[in-house]
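Inspection log for the structure reproduced underneath, given as structure tokens.
Rule-based calculations on the coordinates, nothing more; no lab input. Note that the structure is predicted; figures quoted are calculated from it, not measured.
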Amino acid sequence: MDLHEYQGKEILDSFGVRIQRGIVAHNAKEAVEAAKQLTAETGTGWHVIKAQVHAGGRGKGGGVKLAKNLKEVEQIAGEIIGMNLVTPQTSAAGKKVHQVLVTEDVYYPGDSETSEFYMSVLLNRATGRNMVMYSTEGGMDIEEVADKTPHLIYTEEIDPSMGLMPFQARKIAFNLGLSGTAFKEMTKFVMALYKAYSESDASMFEINPVLKTSDDKIMAVDAKVSIDDNALFRRKKYAEMRDLREENPIEVEARAVGLNYVDLDGNVGCMVNGAGLAMATMDLIKMAGGEPANFLDVGGTADAKRVEEAFRIILKDDGVKAILINIFGGIVRCDRVAQGVVDAYKNMGDAMKVPIIVRLQGTNAELAKEIIDNSGLAVQSAVQFKEAADKVKAVLS
Ligand code: GDP
Ligand code: MN
């Protein structure tokens with residue numbers, strides 16, 4: 001689950017990580033009030049207005065702007081709220097901005113003493129360990145840094161039994177070229193950041209930029225945070241931060257009925273039990289010359305009700321031209337699944353607009369094939385993977 005910048009900063013703040021101060025506003029008037037309050041609290045004269053959407057690269061898309069007085073705060077907030085923000089990380093349609101974060105300005109004009117760093121904490125899947133990834137090249141696209149100057153990206157692997165050790169935090173501060181007060185601040189920053197990451201069950205904390213101010217404070221200017229969905233049951237406070245407006249509406253609906261669904265761009269919908277078989281089925285669709293329209297794991301039960309729910313979710317995607325059902329009947333018997341498919345299909349009535357190919361393997365597979373073949377519906381059965389692929393190819397052409 002992704003969070004907004006302001007929510008990520010709230011978590012950071014609660015773990016003692018220094019942040020650029022900010023207040024959320026939903027309209028221009030609130031933005032002005034927020035700016036006044038920030039001036040009273042921090043003494044800042046200038047403010048930054050930042051679009052709150054689940055996408056990076058907001059600065060490049062015109063979603064982060066400096067306001068030098070209250071009139072500009074009002075004007076810029078008015079422009080940004082309600083706009084469709086297009087950034088390098090959104091689709092061409094962009095994302096609608098519902099709220100902005102009004103922040104203190106922490107950069108001072110003509111100040112050569114500030115520097116921007118990149119820092120993230122995430123899981124290194126290759127080693128199965130958490131790591132701190134960091135770079136002197138902050139404020140820029142980290143993908144671009146990785147591409148052009150990979151030697152400027154450092155990683156520090158964390159031993160799961162020890163956690164991040166103080167000597168590692170010192171090494172990071174040293175590699176970032178810091179000394180004196182800034183060095184000490186950075187070690188504190190890194191230790192607190194790692195604590196925030198591990199104690200919130202996050203899968204990522206990305207702070208870009210981390211700023212060193214001219215008076216040697218280290219602070220988070222941006223925060224991109226993802227919390228592990230599987231941990232939300234024990235992180236109620238963070239679960240409440242979910243903003244469904246930012247998520248794919250079909251995925252939101254699928255989650256509500258307990259289906260494991262990921263929306264993709266292709267033309268063949270698929271319904272599978274088990275994540276591994278679902279991955280293999282997506283490969284199968286590609287081999288048949290199609291593109292998967294989704295990833296969908298229906299899980300252990302595949303009765304008529306569940307199959308129908310899955311059909312309805314899959315068909316919400318207008319791009320779907322065919323549906324491939326690939327179910328292994330181990331505990332669940334294939335004939336029961338086949339009957340479920342037939343019943344669900346009939347229940348759908350006119351809503352079922354595309355051909356269906358069903359591959360059922362496992363207990364009572366022969367019986368299942370009979371049920372499908374004798375149903376009189378536009379449902380084709382297949383036994384082998386290859387056969388299923390050929391039938392998908394045939395209905396697409
Ligand atoms: P992103 O573009 O979505 O990554 O959003 P960021 O929060 O990283 O902001 C984009 C850029 O705005 C940063 O890289 C900074 O250079 C700039 N920025 C952020 N805060 C301030 C500020 O307080 N003052 C000034 N002048 N620039 C800022
Ligand atoms: Mn950023």
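Observations on the model:
- Helix-derived mean residue ellipticity, 222 nm - over the chain, DSSP H n ≥ 4, -39500 (n - 2.57), to 500: -11000 deg cm²/dmol
- Subset of Lys212/Lys237; Lys9/Lys188; Lys68/Lys148; Lys71/Lys212; Lys369/Lys391 violating a 26 Å alpha-carbon distance limit: Lys212/Lys237; Lys68/Lys148; Lys71/Lys212
- Per residue, the convex hull around the alpha carbon atoms of the range 147-225 comes to 113 Å³.
- Karplus-derived HN-Hα couplings along the range 311-327 (A = 6.51, B = -1.76, C = 1.60, θ = phi - 60°), whole Hz, x at Gly and Pro: 4, 5, 5, 4, 6, 5, 8, 5, x, 6, 10, 7, 10, 10, 9, 10, 10
- Each residue of the range 345-356 is assigned a 3J(HN,Hα), and the resulting list reads 4, 5, 4, 5, x, 5, 5, 8, 10, 10, x, 10 Hz, derived from the Karplus form 6.51 cos²θ - 1.76 cosθ + 1.60 (θ = phi - 60°), x at Gly and Pro.
- Rounded, prolate or oblate (a/c below 1.5 giving rounded, otherwise prolate when a/b exceeds b/c) for the range 247-397 by Cα gyration tensor: rounded
- Taking every alpha-carbon pair within the range 21-105, the share separated by more than 14 Å comes to 55 percent.
- From phi via Karplus (6.51, -1.76, 1.60), per-residue ³J(HN,Hα) for the range 385-390 in Hz, x at Gly/Pro: 3, 4, 4, 4, 4, 4
- For the Cα trace of the chain, dividing Rg by the Kirkwood Rh returns an Rg/Rh value of 1.08.
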